[in-house]
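A short write-up of the structure that comes next.
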Amino acid sequence: MNVMKLVRDKIPLDFPDTPADSYHTADDEEFFTALLDKLNEETVEYVAERSMDELADMLEVLHALAALDGIDWKELEQRRIAKREEKGGFDKRILWIKKES
C-alpha cells in the first residue's frame, strides 16, 4: 500500500537519487486533504515542542490553504483584524463555563 505525504517544494532536491515516480503532483482535492493532514501533523508537533519553527510550519500550511481557496493572505489578515476589533482577541484568556443540564 502506498502512503502519500505532503512535503515542501525543495525536499525532492535534497534526495536527487530518488526516482521521479516517487513523487506525485496532487490535484485540488488531494492537495486539500494533504494540507489538512499536514496541519494536524504540525499541530501535534507544536503541542509537543511549542517552538517557533512548528508555528511557522503551521502558518505555511495555512497560507497554502488560503491560496488553494483563492483567499489573499493580506485580505485574510484584514479580516482577522476586523474580527478582533469586533469580538476581541484571546488576550484576556477568558474561558466560558457552560453549565450541563
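The values are calculated or read from the model by the stated rules, or taken from the named source; none is laboratory data. Just so it is clear, the structure is predicted and the values come from calculations on it, not from any experiment. Heads up, the Cβs are rebuilt from the backbone with ideal geometry, glycines too, and the neighbour counts pull from every protein chain shown.
List of remarks:
- Residue identified as without any contact (Cβ under 8 Å) to a residue 60 or more places away in the chain and surrounded by 10 or more Cβ atoms within 10 Å (Cβ to Cβ) among Lys83, Lys99: Lys83
- When Ile71 is tested against (1) surrounded by 10 or more Cβ atoms within 10 Å (Cβ to Cβ); (2) β-branched (Val, Ile, Thr); (3) under 19 Å from the mean Cα position of the chain (by Cα); (4) part of a helix (DSSP H, G or I), only condition (4) is not met.
- Qualifying residue in segment 24-31 (condition: surrounded by 11 or more Cβ atoms within 10 Å (Cβ to Cβ) and either of a type in the set (D, E, K, R) or at pLDDT below 90 (or both)): yes
- Filter result for Lys92 (part of a loop (DSSP other than H, G, I, E, B) and either in contact with a Lys or Arg (Cβ under 9 Å, 6 or more places away or on another chain) or at pLDDT below 95 (or both)): no
- Yes/no for Lys5 being assigned to a loop (DSSP other than H, G, I, E, B), within 15 Å of the chain's Cα centre (by Cα) and loosely packed, with under 11 Cβ neighbours inside 10 Å: yes
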